[in-house]
Every structure is written in C-alpha cells, then in structure tokens.
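Accompanying notes for the structure given below.
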Amino acid sequence: MKTAVQHVDVMEKRINHYFKPHIRARYQIQIVNDKFDHSFNFFFLYKMGNENTRSIPIRVIKDYDWVYFEKIVRELHRRVNFTLRFTGFAGEIWQSNGKMIPRYM
C-alpha cells in the first residue's frame, strides 16, 4: 500500500500539468466518496471565464480506509492551495476528531 505522501505526489504532479494561472479562472479539487465501488475519487476542476467547468480525474484510492483517507486529504490540503469539495460524504465524520466532513474545505 502506498503512503499518503506518495498518493499526493502523483496528484500534485497531475494538477501541475493542468494548472495554468489565469485571473478569471477557478480551481478546485473534488473528492467523491464512491460507496458502491468502495473507493475515493479525486478530480481537478477548473473553469476559465464563461467556459464550462472541466473535470479531470487525478487519482482513485481503492483502499476504503477512513483513517488512511484522512491522512491523504490532510496532506493534499497542506500542499495545494485549492478549495477541496467533498461529494457523497453526508453524515460521515473525520476519524481524528469526530467532526462532520464539511462540503467545502
């Protein structure tokens, strides 16, 4: 099993490939809880001006372990300066502190 740092290294490399600083651009990381496949999917979302939002898959984590997932999210949040958007996490809590997982972080 890869470490959280190794997963984030791959994600960061893929994000940097698509990231083009632009004044009228919006960038986010969307994290989807896939309850059917028991995996966590990470997407890089960007929108330039009036264009449609584009979604690029950057990683799928097949290890459906909530403690491991939290380590990955904390490392990703520490290293990239984009809004993290959580989808499919209604009612789920962080394992470290028992707080609800927010919609945006």
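The values are calculated or read from the model by the stated rules, or taken from the named source; none is laboratory data. It should be emphasised that the depicted structure is a prediction, and the values quoted were computed from it without experimental measurement. With ideal geometry, Cβ positions are generated from the backbone for all residues, glycine too; neighbour counts draw on all protein chains shown. Calculation scope for accessible area: heavy atoms of the full protein, side chains included, ligands and nucleic acids excluded. Shrake-Rupley method; radii C 1.70, N 1.55, O 1.52, S 1.80 Å.
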Give me the accessible area of residue 34, 1.4 Å probe, in Å² rounded to the nearest 10. 30 Å²
For residue 96, put the label point 7 Å out on the Cα→Cβ axis and report which residues of region 1-24 keep their amide N under 18 Å from it. 3-9
Placing each pseudo-label 7 Å from Cα in the direction of the beta carbon, residue 74 and residue 104 end up separated by a distance in nanometres of 2.4 nm
Counting heavy atoms of the protein chains only and a 1.4 Å probe, report the per residue accessible area for region 27-105 as a whole number of Å². 57 Å²
Over the chain: Kirkwood hydrodynamic radius from C-alpha pairwise inverse distances, Å: 14.3 Å
Computed over the chain: longest principal axis from alpha-carbon atoms vs helix 66-79 long axis, angle to nearest 10 degrees, is 30 degrees
Loop-resident GluC sites (Glu not before Pro) in region 1-103 with no more than 14 other Cβ atoms inside 10 Å, DSSP not H/G/I/E/B, are 51, 92
Using a 7 Å offset from the Cα along the Cα-to-Cβ direction at both residue 55 and residue 34, what is the distance between the two label points in nm, to one decimal? 1.2 nm
Extension reserve of the residue 20-residue 81 stretch, reckoned as 0.36 nm per residue once the Cα distance is removed: 20.6 nm
Excluding residues on the same chain fewer than 8 positions from residue 35, give the lysines whose Cα lies under 17 Å from its Cα. 62
Within 10 Å of each candidate Cβ there may be at most 13 other Cβ atoms; applying that plus a DSSP loop requirement, which chymotrypsin sites (Phe, Trp or Tyr not before Pro) in region 6-71 survive? 36
About the Cα centre of the chain, how large is the charge dipole given +1 on each Lys and Arg Cβ and -1 on each Asp and Glu Cβ? Please answer in debye to the nearest 20. 440 debye
So for 73, 60, 10, what's the accessible-area order with a 1.4 Å probe, most first? 60, 10, 73
So which trypsin sites (Lys or Arg not before Pro) in region 63-105 are both in a DSSP loop and have at most 10 other Cβ atoms within 10 Å of their Cβ? 99
Counting alpha carbon pairs within less than 8 Å and at least 6 residues apart, what relative contact order, in whole percent, applies to the chain? 27 percent
Of 39, 94, 52, farthest towards positive along the dipole that unit charges on Lys, Arg, Asp, Glu beta carbons give the chain: 52
Accessible surface ranking that places the most exposed of 100, 48, 11 first, with a 1.4 angstrom probe: 100, 48, 11
